[in-house]
1. Among Leu393, Leu344, which comes first, then next, by fewest other beta-carbon atoms within 10 Å?
2. Once you list every other residue whose beta carbon is under 10 Å from the beta carbon of Leu430, what net charge do they have if Lys and Arg are +1 and Asp and Glu are -1?
3. Over the chain, calculate the relative contact order: mean separation of alpha carbon pairs under 8 Å at least 6 apart, over the residue count, as a percent.
4. From the helices alone, meaning DSSP H stretches of at least four residues, give me the mean residue ellipticity at 222 nm for the chain, per-run term -39500 (n - 2.57), in deg cm²/dmol to the nearest 500.
5. Contact order normalised by length for the range 431-500, with contacts defined as Cα pairs under 8 Å and 6 or more residues apart; what percent is it?
6. Under the rule of at least 5 residues apart or a separate chain, name every residue whose amide H is placed under 5 Å from the amide H of Arg319.
7. Need one number for the range 308-534: average projected area of the convex hull over its C-alpha atoms, nm².
8. Sum up the charges of everything whose Cβ sits under 11 Å from the Cβ of Gly235, counting Lys and Arg as +1 and Asp and Glu as -1, but leave Gly235 out.
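What follows is calculated from the coordinates using simple rules that are stated; it is not laboratory data. Note that this is a predicted model, so its numbers are computed, not measured. A quick note on method: Cβ atoms are made from the backbone with ideal geometry, for glycine too, and the neighbour counts reach across all protein chains shown.
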Amino acid sequence: MTHQGCEALVPVVIGVIIDSAVATGSSESLLRWLVVLAALFLVLSTCYRTSARITEGAGEQAAHRLRLELAARVLDPRGGAETNRLPGALTSIATNDARRVGSVATAIAYGVSAVAALVISAVALLRISVPLGLLVLLGIPPLLWLGHRISRPLERRSETEQERAAHASGVAADLVSGLRVLKGMGAESAAVARYRTTSQDSLAAALRAARSRAGHEGAILALTGVFIAVIGLVGAYLAMDGSISVGELVAAVGLAQFLLGPFQLLTYVNAEIAQGRASAKRIAEVLAEPVAVEGGEAVPATPAAGHLALRGVSLGALRGVDLDLPAGGLTGIVTRDPAAAADLLLCLAREKDPAEGTVELDGVPLTGLDPDALRRAVLVAHHDADLFESTLLDNVRSGADGDTTAVDSALTASAADDVALLLPDGVDTLLAERGRSLSGGQRQRVALARALAADRSVLVLHDPTTAVDTVTESRIARRLREVRRGRTTVLVTTSPALLAVTDRVVVLEDGAVRAEGHHNDLLAADETYRAAVLA
């Protein structure tokens, strides 16, 4: 505001110099007012440099705080933020939308300074000439109102642009993550066609928003240009009429030209707020997304005994499942229905609550436990777990709470130590994003090592060795039983090597428990089970 005030006073001082020094030929007066003019420039340049840093910092801090809030919501143990949203779309919201909303903090500071400049200019013009001052004071409100009305289409189109851009980012991330599968299926052309359509929609939305912004800025510039021309014409008329002096005319014309700057600032502010509102709406939708599961307050014992029980659980493909998983036992669960396996994992991880029935840990329903505390006792390791772009060792010990013994045991049990021997820098080898520098079997072994290193009271593994060769899988099965001795382990798999080391196997069919027993007994007596695990 000080900077803009000094900017507005520059033409006023120049007008005074003309009237009091140039017109009179006074060298002393000229020198005195030139010193005043130099002081004005010193103050305005210092103020701008200082306030610009503060203002830009405020915008960055605002965007950063929004990113932190979005990250906290996405990582909330109760879930829900990712509902109907691709990971790439969430990333776009946390980056582009947060940046645009943060820019509003910067824009408001510039907007306030522009209003201050308009007020100071109006006061100066009133002192020069009441008609000129009134012209500015009465003309500014309609111009601001028109600017707001003109920004409405920009706001709508900016919202559409951000939605399409986020969707395109999500589709791109989705396709990249499944690139190997797409190549294996020969579906590259279909994937390219899908992304091309999405990208073209995003481009069309971006061009519409750009045209809207260009039209908005052009219309505002035309309006302000006409307004400034009117001020100049009125000032010239008053000077010819003798109502104001030559210096006052120069000051009035200088102020009219200066007013173009504040009006352009207000145009920028209007555009930023219009786009910021569109982005803010998208951020608010994520932050206000209902949680997938409500949080309880109880905390499991440390360490938990690990007795899991499902009582009449129904969810998706599950139909009234009654299942008892004893503490310290190694239980295999076999189902030929991928949907049933997925729904069972969702229940055990408490990513979803059953539609009917309850899941209990040591006699306490999971709905009564704090989700974060629950996951410190129960770890569900999904089949498609991703690796981080870090070293192999960092990936394994990311959940080990600094226990080097657990990390070493996990590397051995999962045969991930053999993977390290094949890498150029051993366990210190940097892995590519999502572990793409490893083969499928190697990735599975590192992911299994990470799950084992976490050393949870209850560990649920879903098909942890589907891409591992038979000899290595048998070795992993034996070591897995040893390293998990005394703690509850559940293997959701059809692997005969893993099922052979379990204490008992539970067979799910049509979403319900159909049979249970030892692996060898089921192989001998149950033809359906035999077909499932030996196919």
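1. On the way: Leu393 19, Leu344 29.
With the fewest neighbours first, Leu393, Leu344 line up as Leu393, Leu344.
2. On the way: positive: none; negative: Glu389, Asp394, Asp425, Asp428.
Net of charged neighbours comes to -4.
3. Working: 843 pairs, mean separation 80.6, N = 535.
Relative CO of the chain lands at 15 percent.
4. Working: 20 runs with 338 residues, N = 535.
Using -39500 (n - 2.57) per qualifying helix, the result is -21000 deg cm²/dmol.
5. On the way: 59 pairs, mean separation 24.0, N = 70.
Reported as a whole number, the value is 34 percent.
6. Amide H neighbours of Arg319, under 5 Å, 5+ apart: Ala512.
7. Working: hull surface 46.5 nm².
About 11.6 nm², averaged over all directions.
8. Values: positive: none; negative: Asp241, Glu248.
Cβ neighbours under 11 Å give a net charge of -2.
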